[in-house]
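Encoded as structure tokens, the structure appears first; notes follow it.
The values are calculated or read from the model by the stated rules, or taken from the named source; none is laboratory data. Because the structure is a prediction, the values reported are computed rather than measured. Counting neighbours? That spans all protein chains shown, and the Cβs are built from the backbone with ideal geometry, glycine included. Accessible surface areas use protein heavy atoms only, side chains included; no ligands, DNA or RNA. Shrake-Rupley method; radii C 1.70, N 1.55, O 1.52, S 1.80 Å.
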Amino acid sequence: MSSFLEDHPHRRYNILTKEWVLVSPHRNKRPWQGKTEDSVKKEEIAYDPKCYLCPTNDRISGEKNPDYPSTYVFANDFGALLKDTPNFNYNEGLMKAEGENGICKVICFSPNHSLTIPDMEIPALIDVVETWQKEYTELGSLPEINYIQIFENKGAIMGCSNPHPHGQIWAQHSIPSEIQLKTDSQKEYFEKNGKSLLQAYIEQEIEEGTRIISQNDSFVTLVPFWAKWPYEAMIVPKRQMTTIKELTDSEKADYAEALKTLTQKFDRLFDTSFPYSAGIHQAPTDGGDYKEWHWHMSFYPPLLRSATIKKFMVGYEMFAMPQRDITAEFAADKLRAL
């Protein structure tokens, strides 16, 4: 059966969102004459006087950054969500809208302007993980906040507006549609089988081994069977946890190692500072019982064949369903070997 997956067009099912992705492995043999992107090399400066995220510099808002020694979190000067948004509902025929309030924060991973996650030491990455935990706990305790999205856009190709390594945290009142889909799927499986959907999934992946990139005592990193981005990856704790708050000290160290290992492999894949969007999905903070949830972190990189060729989600992908050319097994094999 594996030869059919390697050679023939087929659909793959995403167990978390109940969506399908079209896989066309034969198309990877076609010549490329489309758009290419510039190869991005890492900056090598520790401090940029013009960077609004570097320590002691002024931000656009006029606020001055402290001389921070490790991670630094501040309220986004141009947040997509605002705390004081009025609570309103608009219903006119088929037109419906409602006010959405929230809090947006920026987290600088390091004071070093050029130090991306793959180059950071494990203790510094543990600081990042603990900062994520702290922000999730504090923001989640607010009665008006029901979901917290932690994410990173790396590289200008992914819309990152500043090269200083940083991520974002958006805390909001409503639960986003992607999270609701994943909640429904995990709850359905948990109620039927009495165990976590992702725990059952990673056990099957570990046994098969073909899509595993790396693993340690606490985490497995893999290319999901239903991946839609070329070198998409997912870091999943082996022990079911609903949120990152539940990480023990040893698990935090293992998580930091998993982050470093995957991103180093990404950088080596095409010898470039590898761009991606990465995000942590975990249980909402609305006070509900989410015993079915198994948190995980996904990486969506756009590069397809080299450091200069990007995968575009256009045409069929925009109007029908996601489509990919290289298989998940091919991508995992390439990353695992690095």
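Look through K134, K187 and report the one residue that is on the phi < 0 side of the Ramachandran plot and touching a residue at least 60 places away in the same chain (Cβ under 8 Å). Let's see the steps before the verdict.
Details: K134 fails: touching a residue at least 60 places away in the same chain (Cβ under 8 Å).
Exactly one residue qualifies, and that residue is K187.
Exactly one condition in (1) closer than 28 Å to D119 by Cα; (2) part of a helix (DSSP H, G or I); (3) open to solvent by less than 60 Å² (accessible area, probe 1.4 Å) is not met by G279; state its number.
The number of the failed condition is (2).
Any idea how many residues of segment 215-248 are over 17 Å from the mean Cα position of the chain (by Cα) and either free of Cβ contacts under 8 Å to residues at least 12 places away in the same chain or open to solvent by 20 Å² or more (accessible area, probe 1.4 Å) (or both)?
The number of residues fulfilling the criteria is 9.
Test A320 against the criterion of being farther than 24 Å from E135 by Cα and surrounded by fewer than 22 Cβ atoms within 10 Å (Cβ to Cβ), and give yes or no.
Considered against the rule, which asks whether it is farther than 24 Å from E135 by Cα and surrounded by fewer than 22 Cβ atoms within 10 Å (Cβ to Cβ), A320 comes out as yes.
I'm trying to understand the selection: among the residues of segment 249-263, which are open to solvent by 40 Å² or more (accessible area, probe 1.4 Å), in contact with a helix residue (DSSP H, G or I) (Cβ under 9 Å, 6 or more places away or on another chain) and among the hydroxyl-bearing types (S, T, Y)?
Residue satisfying the conditions is T261 alone.
Please work out if E100 is open to solvent by 10 Å² or more (accessible area, probe 1.4 Å), within 26 Å of R268 (Cβ to Cβ) and under 27 Å from the mean Cα position of the chain (by Cα).
It is false that E100 is open to solvent by 10 Å² or more (accessible area, probe 1.4 Å), within 26 Å of R268 (Cβ to Cβ) and under 27 Å from the mean Cα position of the chain (by Cα).
Within segment 300-315, can one find any residue that is under 30 Å from E135 (Cβ atoms) and modelled with pLDDT of 95 or more?
yes
Run C160 past the list (1) part of a loop (DSSP other than H, G, I, E, B); (2) modelled with pLDDT of 95 or more; (3) of a type outside the set (S, T, Y); (4) surrounded by 12 or more Cβ atoms within 10 Å (Cβ to Cβ) and report the number of the one that doesn't hold.
(2)
F266 is checked against (1) out of contact with any helix residue (DSSP H, G or I) (no Cβ under 6 Å at 6 or more places or on another chain); (2) open to solvent by 60 Å² or more (accessible area, probe 1.4 Å) and fails just one. What number does that condition carry?
Here F266 meets the rest and fails (2).
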